[in-house]
């Protein structure tokens, strides 16, 4: 929560400064960066709300908790990125068309150059602290927001190149400024589409990666009385996972012994994947 609030403060400051400097400093790339930063305010708000809802315990209406809210938040963040990408592309394309129509573009100011350097440093620092927090908590929403910050930093580098070229190389190179905006848009669209694909997979309850399923089988077979784990099904619920599997035990075992084996496996899985892991184990006789 504190990391996301820090992002809100930074984004309010940067987006306001970038928009003012972009307009008065005559830089379309800077205005594009301001639009990107303003979109971060929306996504930061989505993350804050989703994290608050995700903390709520399971209830009668939501037996598996509220983890999917986080996945939904990641989806909204990715859609916001895609919309921002299209908006910036449109802005840069219009300015670039002016060049081919031999209309004069204006030279960006040095203020735009100084601000974009500061913006790159601030955004990269935000990415690092948010990514670290996302890894530590296992939050897909925080990870998505971290990559949003990283996309800001990289897009600002393109802005820096465009503004620098337009300032130092002369009037013939003023087109580098809107061209940088177009490059920024492609990068943002790529990140947005990647995040959207991942979020949709989670919403559709896609199976977890093979390496996780292999780890599950390894943990299950480490319990000696458990044999032939099969029908393993996995899915993600926000930052937690759900595991459904079948095992075979000796047919002579009584119900209490079979239950103890199931409980041992369940606890081992929770010890590895987290206490909120949802585990279902179906026991079959090993005939």
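Note on residue 272/residue 13: beta-carbon distance plugged into 1/(1 + (r/R0)^6) with R0 of 30 Å gives a FRET efficiency of 0.10.
The order of the peptides 74-83, 208-217 by mean Cβ neighbours within 10 Å, most packed first, is 74-83, 208-217.
Shape class of region 124-208 from the alpha-carbon gyration tensor: oblate, with a/c at 1.5 or above and b/c at least as large as a/b.
Here the contact order of region 48-102, divided by its residue count and restricted to Cα pairs under 8 Å and six or more residues apart, works out to 23 percent.
Rounded if a/c is under 1.5, else prolate if a/b beats b/c, else oblate: with a ≥ b ≥ c from the C-alpha gyration tensor eigenvalues square-rooted, which is region 77-165? Oblate, since a/c reaches 1.5 and b/c is not below a/b. Rounded to the nearest 10 degrees, the angle from helix 110-137 to the longest Cα principal axis of the chain is 0 degrees. DSSP assigns beta bridges within region 210-285; of those with both partners inside it, close to 45 percent run antiparallel. Volume per residue of the convex hull around the Cα atoms, evaluated for region 210-285, comes out as 78 Å³. The peptide list 120-133, 29-42, put in order of mean Cβ contacts within 10 Å with the highest first, becomes 29-42, 120-133. Once the Cα atoms are used to define both axes, helix 2-24 deviates from the longest principal axis of the chain by about 20 degrees.
Of all DSSP-defined beta bridges confined to the chain, some 45% are antiparallel rather than parallel.
Peptides 60-67, 107-114 ordered by packing proxy, namely the average of other Cβ atoms within 10 Å per residue, highest first: 107-114, 60-67. Length available on full extension from residue 20 to residue 190: 0.36 nm per residue minus the Cα-Cα distance, which gives 58.4 nm. For the chain, place one equal point scatterer on every Cα, skip the solvent, and apply the Debye formula. What is log10 of I(q)/I(0) at q = 0.08, 0.15 Å⁻¹? At q = 0.08, 0.15 Å⁻¹ the computed log10 ratios are -0.47, -1.02.
For region 195-236 versus region 25-70, the spacing of their alpha-carbon centroids is 28 Å.
Only the coordinates and a few stated rules stand behind these numbers; no lab work does. The shown structure was predicted, so the numbers you read here are calculated from the model rather than taken from an experiment. Positions of Cβ are generated from backbone atoms using ideal geometry, with glycine treated the same way; all protein chains shown enter the neighbour counts.
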